[in-house]
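For reference, the structure discussed in these notes is given below.
The values are calculated or read from the model by the stated rules, or taken from the named source; none is laboratory data. Because the structure is predicted, anything quoted here is derived from the model rather than measured. Backbone-built Cβ (ideal geometry, glycine too); neighbour counts: all protein chains shown. Please note that ligands, DNA and RNA were not included when accessible areas were found on the heavy atoms of the full protein model with its side chains. Shrake-Rupley method; radii C 1.70, N 1.55, O 1.52, S 1.80 Å.
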Amino acid sequence: MDYQALADLLFPDVTDTPEALEERFPARQVPEGAVVTRMAPSPTGFVHLGNLVQGLTSERMAHQSGGVLFLRVEDTDAKREVPGAVEVLINTLKHYGICFDEGATMEGDKGIYGPYHQRQRASIYHVYAKKLVAQGQAYPCFCTEEELAAMRETQEANKENTGYYGKYAVWRDRSMEDIQAQLDAGNPWVLRFRSTGSIEHQFKFDDLVKGKLTITENDIDHVLLKSDSIPTYHFAHAVDDHLMRTTHVVRGDEWLPTLPFHIQLFQALGFKLPKYVHIGPLMKMDGTSKRKLSKRKDPELALTYYKAEGFPVAAVYEYIMTLLNSNFEDWRRANPDAPVDSFKFNPKKLNPAGSLFDYAKLVDVSKNVISRMSAEKVYSLLTEWAQEYDPDFGSKLAADPEFATRILAIGRGGKKPRKDLAVWKDAKEYMGFFYDGYLEKPDFGTAFDKAVIADVLNRFLASFDIGDDANTWFEKVKAITNEIGFTTDMKAYKADPSAFLGTVADVSTFIRLAVTGKTNSPDLYTVMQILGKDRTISRIQAAIAQLG
Ligand code: GLU
């Protein structure tokens, strides 16, 4: 067979050469040891936590080493593409702080190794397809869907491996005449790789996450170009990662089964094999067993979920770091205020079997992250969230930034900051009572006489002075307690509760209920200071009226 003639027959329009492409996309000028890597998602419209895990791993590896991170849009599967998905992808990754140095952007492609959309690279793939045909390493296959299905049935019935290989690779060694006849008849064809591998042979391979692997050779003549002459992922990634000078391919381990084929492809194409970083899946506990997070069953797989719940980006980011590098938490404890990117990320620490997603842990991390933010930061993130997801609350927050910021400053800044908020969704429950519109009517219960409670509130009003410091304020509360036959001596009360009508804690609760509508609130003195004199007084008056 004259392979060159076959190559010319199949690709008459290809005039470019691999050598010219090598020149067009020269080696990158990056420091020794720098990682050049990419995110190469398919624009399906669904951006998930796995994308973020992969994005963060590649981003850290690239930027920690002084290398390059680029975004390539793998849009070869037109059937799966959703309109606007590329924009969703770019915006979501940006929202989570994954910054690309080059590649697809909202303003078009940026960088000299483009185009960065695979469908725009068809002519480049064809240069290499032609080269493989000319080398006798690829050939056209005219099998119809029906023929392939029948072949599969036979293989299954015979309990043989399925696929296009060995005697089943019926177009592997067909004559030029046969091929010409099919082309003349206008029959569609795919281009297949001529595998020289054998499943009897194994070889060793080092993956940066999975470690040392023993891999069985590939014997299947996989498809390189589909019948519309668009490449499969396998072929496209080999060509792109070579020409884009990728040093590390960071991707999900669902690609591990086809890795033997990828290695063959790089060899056949004369490309240096990049390093591979195969990331295990995200799992969760389902009862007592682990399973992969599923798009259908687990809303928390979608990144939109975290935004809607109101997890700050920084919290999701830190949580993923915790998942990926087991030493991150210790580092964070030792460096509570250090910027997250000063942590030395190590891909070797990724669990080869995948990470276990734990919602409770995420909540915990988020509480910590929010507790370390300044009140101003919390105010701005919370308001932004509320304006989108709870517009009524959002407009209240936006109407008086100073008031809201003072509320959010409660318990912040010290060694042990309060951890009331895990997600922005929690904020209304926590601080809503400060806003008259959200204040709930107090429920004073039945343990104490209404008249006693009203008496406490009246006495409190009579002595109330917004100018008091916290100490004076509490002394007054204590004075009222003792005046009405309650006690401030908790020990004495414990020893003989029947000797007293109640305690200072009960008195505080009456006042707290009147002012906040709740039995639980941040420090009551501070709450009153923020509410101000008039609002505090009018709330207590309303409670007295309610007690009748
Ligand atoms: N488009 C592939 C995917 O979305 C990319 C895999 C890779 O990063 O090479 O799974």
Quiz item: Condition test on H262, is it away from the ligand (no atom under 13 Å from the Cβ) and free of Cβ contacts under 8 Å to residues at least 60 places away in the same chain?
Solution: no
Quiz item: How many of the residues making up the range 92-112 are more than 28 Å from V316 (Cα to Cα) and open to solvent by less than 10 Å² (accessible area, probe 1.4 Å)?
Solution: 0
Quiz prompt | Lone qualifier among P115, P83, P140 - being at pLDDT 95 or above and open to solvent by 10 Å² or more (accessible area, probe 1.4 Å) | solution = P115
Quiz item: So which residues in the range 355-412 are outside any helix (DSSP H, G or I) and among the β-branched types (V, I, T), if there are any at all?
Solution: I410
Practice problem: Tell me, please, whether a residue that is more than 30 Å from Y305 (Cα to Cα), buried (at least 19 other Cβ atoms within 10 Å of the Cβ) and in contact (Cβ under 8 Å) with a residue 12 or more places away in the chain can be found in the range 44-67. | Solution: yes
Quiz item: Pick from the range 209-228 the residues that are touching a strand residue (DSSP E or B) at 6+ places or on another chain (Cβ under 6 Å) and open to solvent by less than 30 Å² (accessible area, probe 1.4 Å): which of them is nearest to the ligand (Cβ to nearest atom)?
Solution: V209
Exercise. Please state which of the following conditions K275 fails to meet, knowing it meets all the rest: (1) among the basic types (K, R); (2) in contact (Cβ under 8 Å) with a residue 12 or more places away in the chain; (3) closer than 23 Å to L362 by Cα.
Key: (3)
Quiz item: Looking at the range 240-259, which of its residues are free of Cβ contacts under 8 Å to residues at least 60 places away in the same chain and open to solvent by less than 10 Å² (accessible area, probe 1.4 Å)?
Solution: L259
Quiz item: Cβ-Cβ below 7 Å, separation at least six or inter-chain, first residue in the range 286-315 and open to solvent by 30 Å² or more (accessible area, probe 1.4 Å), second of a type in the set (S, T, Y): which pairs?
Solution: P299/Y305; A308/Y389; V313/Y96
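Just a yes or no: is a residue in the range 125-132 away from the ligand (no atom under 16 Å from the Cβ), open to solvent by 20 Å² or more (accessible area, probe 1.4 Å) and among the hydroxyl-bearing types (S, T, Y)?
Scanning the range 125-132, I find no residue that is away from the ligand (no atom under 16 Å from the Cβ), open to solvent by 20 Å² or more (accessible area, probe 1.4 Å) and among the hydroxyl-bearing types (S, T, Y), so the answer is no.
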Exercise. Give the residue, chosen from D240, D219, that is of a type in the set (D, E) and more than 30 Å from R60 (Cβ to Cβ).
Key: D219
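Name the residue that is most open to solvent (accessible area, probe 1.4 Å), counting only residues in the range 229-239 that are farther than 21 Å from L213 by Cα and within 10 Å of the ligand (Cβ to nearest atom).
Checking each candidate, the answer is Y233.
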Quiz item: Does G437 meet the test of being touching a residue at least 12 places away in the same chain (Cβ under 8 Å), part of a helix (DSSP H, G or I) and open to solvent by 20 Å² or more (accessible area, probe 1.4 Å)?
Solution: yes
Quiz item: L191 fails exactly one of the following numbered conditions: (1) within 16 Å of the ligand (Cβ to nearest atom); (2) out of contact with any Ser or Thr (no Cβ under 6 Å at 6 or more places or on another chain); (3) under 22 Å from Y164 (Cβ atoms); (4) among the hydrophobic types (A, V, I, L, M, F, W, C). What is the number of that condition?
Solution: (1)
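Does the range 90-101 contain any residue that is within 12 Å of the ligand (Cβ to nearest atom), among the hydrophobic types (A, V, I, L, M, F, W, C) and under 17 Å from the mean Cα position of the chain (by Cα)?
no
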Quiz item: Looking at G394, is it surrounded by fewer than 19 Cβ atoms within 10 Å (Cβ to Cβ) and out of contact with any helix residue (DSSP H, G or I) (no Cβ under 6 Å at 6 or more places or on another chain)?
Solution: no
Self-check item: Qualifying residues in the range 240-258 (those that are within 12 Å of the ligand (Cβ to nearest atom) and of a type in the set (A, V, I, L, M, F, W, C)) - the one farthest from the chain's Cα centre (by Cα)
Solution: M244
Quiz item: Can you pull out the residues in the range 1-53 that are within 16 Å of the ligand (Cβ to nearest atom) and part of a helix (DSSP H, G or I)?
Solution: L49, G50, N51, L52, V53
Self-check item: Tally, over the range 490-519, of residues that are among the polar types (S, T, N, Q), open to solvent by 10 Å² or more (accessible area, probe 1.4 Å) and farther than 15 Å from F444 by Cβ
Solution: 1
Quiz item: So is E59 out of contact with any Phe, Trp or Tyr (no Cβ under 8 Å at 6 or more places or on another chain) and more than 16 Å from the ligand (Cβ to nearest atom) or not?
Solution: no
